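Input: a single structure, listed below in structure tokens.
All of the numbers you see were taken from the coordinates with simple rules; none came from a lab. Computed from a predicted model, the values in this text were never measured in an experiment. Virtual Cβ from ideal backbone geometry, glycine too; neighbours counted across all protein chains shown.
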């Protein structure tokens with residue numbers, strides 16, 4: 001039987017795990033974009049609204065719309081302070097519910113590798129952005145080990161198991177991401193890596209936080225006890241602790257930006 005696709009249904013658990021990472025990369029990403037205030041933004045695949053909140057806090061948008069396919073993630077997003085400015089809508093990245101040329105900037109934060117057809121996703125971003133506007137995204141560098149859950153993925157592979165990855169994981173490599181932006185016809189294309197790190201109190205903190213966020217935790221919970229413990233101890237060995245027990249995990253994403261032709 002084929003594995004179910006990756007899903008995120010628990011907004012609070014996702015926020016504890018990936019929301020923190022989203023903000024760490026997002027701060028650097030927004031500095032790199034260096035866009036002026038008072039723009040109309042769309043945050044595609046907004047999830048719990050972690051990146052949307054960053055845009056509201058730092059960029060003083062005239063308007064910001066968040067779009068996501070998960071009702072539960074959107075429910076969490078609507079409880080954020082950003083909801084005073086942002087609107088959060090149910091929608092599909094490959095068929096956005098907006099007219100052409102609506103926004104000044106379209107962004108995807110840790111989303112593009114979940115889009116079944118990334119080229120179509122970028123084309124939709126371009127469609128809803130006015131000429132001269134910005135289309136940008138960042139994604140974990142999955143092919144090169146930048147994904148925060150990579151220690152678990154690596155251990156699953158060592159156990160002879162095939163981990164379920166985002167359907168378009170290959171697009172997250174830096175050269176592939178830049179090539180996609182150029183192939184879609186964007187101007188002034190730039191791409192760069194963004195390295196971040198996060199501290200967990202100890203390995204148990206890392207394990208609970210990481211497995212609480214999505215369907216990966218459900219799959220691991222369903223494994224036989226012996227396999228689950230083997231996976232846990234193998235992952236622990238891949239994350240050596242500091243003297244005080246803390247786990248300092250490094251991760252990195254790749255980002256691309258470009259301008260819609262005028």
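Brief remarks follow.
- Percent of Cα-Cα distances greater than 14 Å, calculated over the stretch 87-140: 51
- Note: relative contact order over the chain, using C-alpha pairs below 8 Å and six or more positions apart, is 22 percent.
- Mean Cα-pair separation over length for the stretch 145-250, i.e. relative contact order, pairs under 8 Å, 6 or more apart, %: 37
- Rounded to 10°, Cα long-axis angle of helix 174-183 versus longest principal axis of the chain: 30
- Note on the stretch 123-171 and the stretch 13-68: Cα centroid distance 18 Å, given to the nearest whole angstrom.
- Derived from the Cα gyration tensor, the three semi-axes of the equivalent ellipsoid of the chain are 32, 19, 18 Å, largest first.
- q = 0.13, 0.16, 0.19 Å⁻¹: log10 I(q)/I(0) that the Debye formula gives for the stretch 11-110, counting C-alpha atoms only: -0.39, -0.60, -0.86
- Note on the stretch 145-244: Cα-Cα pairs beyond 24 Å make up 37% of the total pair count.
- Relative to one another, the C-alpha centroids of the stretch 197-217 and the stretch 219-238 are positioned 13 Å apart.
- Percent antiparallel among DSSP beta bridges (both partners in the chain, rounded to 5): 50
- Relative contact order, percent, the stretch 96-177 [alpha-carbon distance under 8 Å, six or more residues apart]: 36
- Considering helices alone, the calculated mean residue ellipticity of the chain at 222 nm is -10500 deg cm²/dmol, with DSSP H runs of length four and up weighted by -39500 (n - 2.57) and normalised per residue.
- Largest GNM mean-square fluctuation among 126, 159, 17, using the chain with Cα springs under 10 Å: 159.
- FRET efficiency estimate (nearest 0.05) - Cβ-Cβ, residue 239 to residue 208, R0 22 angstrom: 0.95
- The percentage of C-alpha pairs in the stretch 55-153 whose separation is greater than 18 Å is 53%.
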